[in-house]
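Notes to accompany the following structure.
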Amino acid sequence: MTRLHVLSAATRPTSSGRPLAQWVAEQARARGGFEVTPVDLAEIALPFLDEPENAASGVYAHQHTREWSALVDAADAFLFVMPMYNGGFTAPFKNAIDFLYREWQGKPVGIVSYSGGVTGGAPAAEMLLPVLTRVGMRPAGRSVAVPGIGGLVGPEGFEAPAGLAQELAGVLDDVAELAAAEPAAEAVTV
Ligand SMILES: Cc1cc2nc3c(=O)[nH]c(=O)nc-3n(C[C@H](O)[C@H](O)[C@H](O)COP(=O)(O)O)c2cc1C
């Protein structure tokens, strides 16, 4: 069974994306084939990168880095549920990625982006792709973008618009396929 971590990449206490991430995790569980662990970046509460060594060294001075490393190590694959701020990915999310290196390598990743506007955060997801390949992740061919997030979250949580579950199913299939395939030989470039 593929250990899939569904990472909510938002850090604001009032994040609209948190209910979306919960819905995504439920969908992944319902699909089967995944052992799903929800991870909330706000709860991880990493500081700005404060490690003396480059992450590629794997030498970590701080307990918060060792804990984050263990959590990422424990996943076979990821779904990143990420907001868009000012046309791009958020600083805390990039910071969390930069904390580690080896831990990301070879891992399949699917992206669910969201935003207040009409793009659904697709530009932020596009911006993230070179970062993910740089740390050796294997991005899914398909992704999901959720526009107008503010209007989709109510007292009952996230209310999925028609067709979204099907779109997400495509991403989950891609991630499962990548997880089943042998990862390419690791090319560690520092
Ligand atoms: C700093 C900031 C910048 C934002 N920039 C954009 C933007 O460029 N385009 C857009 O459609 N929405 C933008 N929004 C709206 C967010 O995408 C929306 O509020 C979303 O809920 C943010 O995710 P979060 O609630 O998980 O923090 C911005 C929100 C914030 C807080």
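Of note:
- In order along the range 62-77, the phi-based Karplus estimate (6.51 cos²θ - 1.76 cosθ + 1.60, θ = phi - 60°) of 3J(HN,Hα) comes to 10, 4, 4, 6, 4, 5, 5, 4, 5, 5, 6, 4, 6, 9, 8, 7 Hz; Gly and Pro are listed as x.
- Of Leu4, Ala122, Ile44, farthest towards positive along the dipole that unit charges on Lys, Arg, Asp, Glu beta carbons give the chain: Ala122
- Gain upon complete extension [Leu129, Ala45; 0.36 nm per residue less C-alpha separation]: 27.9 nm
- Amide H contacts under 5 Å for Ala10, placed H, 5+ residues apart: Leu41
- Rounded if a/c under 1.5, otherwise prolate or oblate - the range 2-180, Cα gyration tensor axes: prolate
- Think of each Lys and Arg Cβ as +1 and each Asp and Glu Cβ as -1; about the Cα centre, that makes the dipole of the chain roughly 220 debye.
- Under Karplus coefficients 6.51, -1.76 and 1.60, residue-wise ³J(HN,Hα) of the range 122-130 in Hz, glycine/proline x: 4, x, 5, 5, 4, 5, 6, 3, x
- Among beta bridges identified by DSSP and lying wholly in the range 2-180, the antiparallel ones come to about 10 percent.
- Accessible surface ranking for Lys94, Lys107, 1.4 angstrom probe, highest first: Lys94, Lys107.
- Amide H to amide H, with H built 1.01 Å from N, Thr2 comes under 5 Å of Glu35, counting only residues 5 or more places away or on other chains.
- Here the accessible area of the chain is 55 percent carbon and sulfur, with a 1.4 angstrom probe and all protein chains present.
- Sorting the segments 45-57, 61-73 by their residues' average number of neighbouring beta-carbon atoms within 10 angstrom, most packed first, yields 61-73, 45-57.
- Assigned charges on the beta-carbon of Lys, Arg, Asp, Glu; the range 1-88 dipole about Cα centre (debye): 380 debye
- For the chain, the relative contact order comes to 23 percent (Cα pairs under 8 Å, sequence separation of at least 6).
- Rounded to the nearest Hz, the phi-derived 3J(HN,Hα) couplings of the range 95-101 under the Karplus curve 6.51 cos²θ - 1.76 cosθ + 1.60 (θ = phi - 60°) are 4, 5, 5, 5, 4, 10, 8, where x marks glycine and proline.
The values are calculated or read from the model by the stated rules, or taken from the named source; none is laboratory data. Because the structure is predicted, anything quoted here is derived from the model rather than measured. Reconstructed Cβ throughout: ideal geometry from the backbone, glycine too, with neighbour counts over all protein chains shown. Heavy atoms of the whole protein, side chains included, go into the accessibility calculation; ligands, DNA and RNA do not. Shrake-Rupley method; radii C 1.70, N 1.55, O 1.52, S 1.80 Å.
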